RNA sequence: GCGGAAGUAGCUCAUUUGGUAGAGCAUCAGCCUUCCAAGCUGAGGGUGGCCGGUUCGAGCCCGGUCUUCCGCUCCA
């Protein structure tokens with residue numbers, strides 16, 4: 001556009017904002033593309049020196065909110081490797097072992113097995129039509145059984161259908177995808193949308209990453225990298241309930257890595273192949289699940305609100321179409337730079353998981369309720385938040401490129417102080433006159449409580465800006481007056497205001513400003 | 001997976017038709033000593049994503065490949 005508004009700088013687009021956030025993340029050591037020197041690995045990212053701190057702080061805040069503030073919620077750390085049967089019981093093995101095929105013209109993707117089954121059904125339909133016609137023709141004397149076993153046309157159709165079924169079955173058994181595709185070609189199956197036979201190869205899509213355990217490469221040696229942490233909680237339900245003397249309702253919390261072989265992984269750390277979940281499974285009495293579902297919806301939203309992010313950045317999204325195991329489900333969505341997207345899921349999972357694990361393991365996964373003097377399989381309310389998504393939510397919400405009154409630009413991360421990677425920067429005003437020594441003394445006191453940075457390079461203003469860019473909430477500046485009366489200034493990141501305080505009181509003041517305690521106290525349940 | 005675009009220093013980007021690879025910021029060392037970036041001097045940093053082809057000569061042209069972004073598709 002040549003007629004661009006030259007007076008006001010154009011509002012940067014959301015895409016540009018997102019790009020800036022990604023650049024900023026890399027430039028200051030929050031997030032790097034994985035294996036970058038080898039051109040990166042698709043949809044995998046590494047957390048850098050500041051990213052790891054921010055991520056750790058978010059995790060800790062979630063963990064404390066869940067376990068420390070709820071007497072009836074305890075944490076575990078289950079292994080990433082789990083017995084393969086776990087994933088049969090959970091439904092993950094069957095849910096995503098489908099052979100997929102694309103039509104090149106319509107660009108539609110189909111399950112190859114469904115295409116073939118539909119084709120067979122069509123042939124069988126033809127048989128029924130023949131039978132119907134014959135029945136009309138012969139009237140009361142019609143012997144359907146006889147007709148089906150003797151009529152040449154019917155027999156031909158039947159033979160065809162059986163042949164296809166047999167071929168398909170054997171192809172599946174041999175896991176021969178080329179043969180599956182050949183069946184589609186031979187049957188002259190067309191795409192319902194484009195009507196063409198222009199098919200891609202058949203590909204097996206596996207959601208779960210697998211690997212081998214032990215040196216024997218038999219089928220039993222194949223194990224999966226968990227696609228969700230929840231199952232580690234379910235298989236430990238009895239262990240925790242018994243050893244922790246837990247009474248229903250109670251919860252088990254867990255944070256940890258999960259792995260999904262996404263078809264399309266995009267949008268930076270929003271959808272990664274390796275990611276970290278923070279999940280809590282809450283076991284309740286059957287019939288009380290909706291009460292607790294509502295409770296956790298509110299409780300989780302309260303947690304988000306305690307981070308000081310504007311309420312209109314969040315919304316609930318109720319699931320209309322429910323997964324087979326759920327009787328209620330919703331997402332907490334956050335307005336990322338690329339729109340409202342799922343940040344956390346709250347699901348009423350019924351007794352689906354525990355019941356299936358009972359069935360597959362043969363172990364009784366029930367709770368004895370002394371009140372009713374009976375046992376039951378508890379219902380489960382799940383809260384599941386993506387740690388990486390929360391990280392991105394905080395980052396995209398706090399990244400600002402401000403234009404100050406004097407026209408200069410200030411990049412700042414308005415992170416909640418208790419989550420900031422670096423809590424305090426200790427800065428001697430100048431690099432002489434004993435100020436660095438004094439600053440070091442202060443550093444040596446504060447470093448036992450908080451992650452601090454010492455910086456004496458460049459002008460003081462430049463150092464403030466550097467700290468702003470990584471979200472450090474407070475800068476302590478040691479000046480000449482400090483040597484005389486043992487006071488320093490604390491400079492606030494968000495409004496650049498400064499206050500003078502005595503060095504003696506510094507530890508208490510800083511602790512009060514960066515402690516998680518205040519935020520946790522707002523989470524009254 | 002399909003279509004489109006892109007890949008040059010840590011970041012943002014230049015390099016008019018093919019002819020020795022640059023800037024700003026950042027980083028480091030020194031000077032200056034100053035409470036809100038951009039003072040001075042100097043330095044380091046690039047096999048132009050990778051592989052191949054055309055050419056006397058390729059960052060630029062061609063092919064392949066990898067990665068990223070946008071749209072579609074998929075997302076138990």
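Brief remarks follow.
- Qualifying residue in region A:471-479 (condition: surrounded by fewer than 21 Cβ atoms within 10 Å (Cβ to Cβ), outside the structural domain of residue A:391 (by TED's automatic domain parsing) and within 12 Å of RNA strand B (Cβ to nearest atom)): yes
- Residue A:228 modelled with pLDDT under 95, assigned to a loop (DSSP other than H, G, I, E, B) and within 25 Å of residue A:74 (Cβ to Cβ): yes
- So residue A:188, is it over 30 Å from residue A:352 (Cβ atoms), surrounded by 14 or more Cβ atoms within 10 Å (Cβ to Cβ) and at pLDDT below 80: no
- Taken over region A:309-340, the criterion of being surrounded by 14 or more Cβ atoms within 10 Å (Cβ to Cβ) and over 20 Å from the mean Cα position of the chain (by Cα) is satisfied by A:327 alone.
- Residue, surrounded by the most Cβ atoms within 10 Å (Cβ to Cβ), within region A:396-420, restricted to residues that are in a loop (DSSP other than H, G, I, E, B) and touching a helix residue (DSSP H, G or I) at 6+ places or on another chain (Cβ under 8 Å): A:420
- Filter result for residue A:130 (out of contact with any strand residue (DSSP E or B) (no Cβ under 6 Å at 6 or more places or on another chain), modelled with pLDDT of 80 or more, within 17 Å of residue A:188 (Cα to Cα) and away from RNA strand B (no atom under 16 Å from the Cβ)): no
- Residue within region A:144-165 that is more than 30 Å from residue A:225 (Cβ to Cβ), at pLDDT 80 or above, out of contact with any helix residue (DSSP H, G or I) (no Cβ under 8 Å at 6 or more places or on another chain) and not in a helix (DSSP H, G or I) present: no
- Flag if residue A:242 is farther than 30 Å from residue A:17 by Cα, part of a helix (DSSP H, G or I) and away from RNA strand B (no atom under 16 Å from the Cβ): yes
- Test for residue A:423: is it in contact with a helix residue (DSSP H, G or I) (Cβ under 9 Å, 6 or more places away or on another chain), touching a residue at least 12 places away in the same chain (Cβ under 8 Å) and more than 12 Å from RNA strand B (Cβ to nearest atom): yes
- Which numbered condition residue A:215 misses (of (1) away from RNA strand B (no atom under 12 Å from the Cβ); (2) more than 29 Å from residue A:163 (Cβ to Cβ); (3) modelled with pLDDT under 90; (4) crowded, with 20+ Cβ neighbours inside 10 Å): (4)
- Residue match in region A:427-438 (condition: within 39 Å of the chain's Cα centre (by Cα), near RNA strand B (Cβ under 10 Å from one of its atoms) and surrounded by 23 or more Cβ atoms within 10 Å (Cβ to Cβ)): yes
- Looking across A:21, A:101, one residue alone is over 19 Å from the mean Cα position of the chain (by Cα), assigned to a strand (DSSP E or B), at pLDDT below 90 and within 15 Å of RNA strand B (Cβ to nearest atom). It is A:101.
The values are calculated or read from the model by the stated rules, or taken from the named source; none is laboratory data. Remember, it's a predicted structure, so these values are computed and weren't measured experimentally. Positions of Cβ are generated from backbone atoms using ideal geometry, with glycine treated the same way; all protein chains shown enter the neighbour counts.
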